[in-house]
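Q: Please read through the structure below; I'll follow up with questions.
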Amino acid sequence: MSTNNKNKDKPKDDIEKVQEFIKSIESFYNVFDEYIIRARNILTFLYVDAWDTEVRTARENMCKPTLSFNKIVPMVRAICGEQRENTPAISIRNIDTNADIPPSQIEDLNDFMREVSYASCADVIYQIVFKQMLEGGWGAARVCTKYEKDSFKQKIYIEEIVDAQSAFWD
């Protein structure tokens, strides 16, 4: 009899969790929807068409030309090229002088971060995130873990998010 009560309570907990997720997603879009729309408009301006559809049709109806010379995209490419030459790397430093952290431990953490960055091809991911940031105002990447083959050990890796607008910020 008590097992039936537990089974009845469990779906309510799941439903409450789903409702909580929906509420948090709605609150995210209430705050960030304006920025997402603005970023999409910027991307459309950069790569699709610099003219608004209303202005373009009005000019075409008056038989006026609607020429487009995209001078921004070459500048974006140049800035991304400069960033590729100066790709950052994550480094760990002891900023608290009162902490008794041995330098060997900090060096071990730096070695670990270099290993994670190398295994993840992090320099390419940083370049993708930088380009997203330059074009739309923000970029996104995620830090994940995955299991090693035939083992229960997990490895940390960095993964790009192709569309930064699909990332949820808290």
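Q: Which residues, taken from region 113-129, are at negative phi and either of a type in the set (S, T, N, Q) or outside any helix (DSSP H, G or I) (or both)?
A: Within region 113-129, 117, 120, 127 qualify.
Q: Right, here's the next one. Check off (1) at pLDDT 90 or above; (2) touching a helix residue (DSSP H, G or I) at 6+ places or on another chain (Cβ under 6 Å); (3) open to solvent by less than 70 Å² (accessible area, probe 1.4 Å); (4) of a type outside the set (Ser, Thr, Tyr) for residue 125 and give me the number that stays unchecked.
A: Residue 125 satisfies all of (1) at pLDDT 90 or above; (2) touching a helix residue (DSSP H, G or I) at 6+ places or on another chain (Cβ under 6 Å); (3) open to solvent by less than 70 Å² (accessible area, probe 1.4 Å); (4) of a type outside the set (Ser, Thr, Tyr) except (2).
Q: How many residues does region 136-158 hold that are closer than 18 Å to residue 87 by Cβ and either basic (Lys, Arg) or surrounded by 14 or more Cβ atoms within 10 Å (Cβ to Cβ) (or both)?
A: Kept after step one, since they are closer than 18 Å to residue 87 by Cβ, are these residues of region 136-158: 139-141, 143, 157-158.
This time we only want the ones that are either basic (Lys, Arg) or surrounded by 14 or more Cβ atoms within 10 Å (Cβ to Cβ) (or both), so: 139-141, 157-158.
Selection size over region 136-158: 5.
Q: How many residues are part of a helix (DSSP H, G or I) and farther than 20 Å from residue 155 by Cβ when one looks only at region 64-112? Talk me through it step by step, then tell me what you get.
A: Going through region 64-112, the residues part of a helix (DSSP H, G or I) turn out to be 72-85, 103-112.
Cutting the leftovers down to farther than 20 Å from residue 155 by Cβ gives us 72-85, 103-107.
Qualifying residue count, region 64-112: 19.
Q: Every residue in region 43-71 that is open to solvent by 70 Å² or more (accessible area, probe 1.4 Å) and aliphatic (A, V, I, L, M), please.
A: 48, 62, 67 - these are the residues of region 43-71 that are open to solvent by 70 Å² or more (accessible area, probe 1.4 Å) and aliphatic (A, V, I, L, M).
The values are calculated or read from the model by the stated rules, or taken from the named source; none is laboratory data. Here the structure is a predicted model, which means the values were calculated and not measured. Using ideal geometry, Cβ is built from the backbone for each residue, glycine included, and neighbour counts are taken over all protein chains shown. When the accessible area is computed, the model is the full protein with side chains, heavy atoms only, and any ligands, DNA or RNA have been set aside. Shrake-Rupley method; radii C 1.70, N 1.55, O 1.52, S 1.80 Å.
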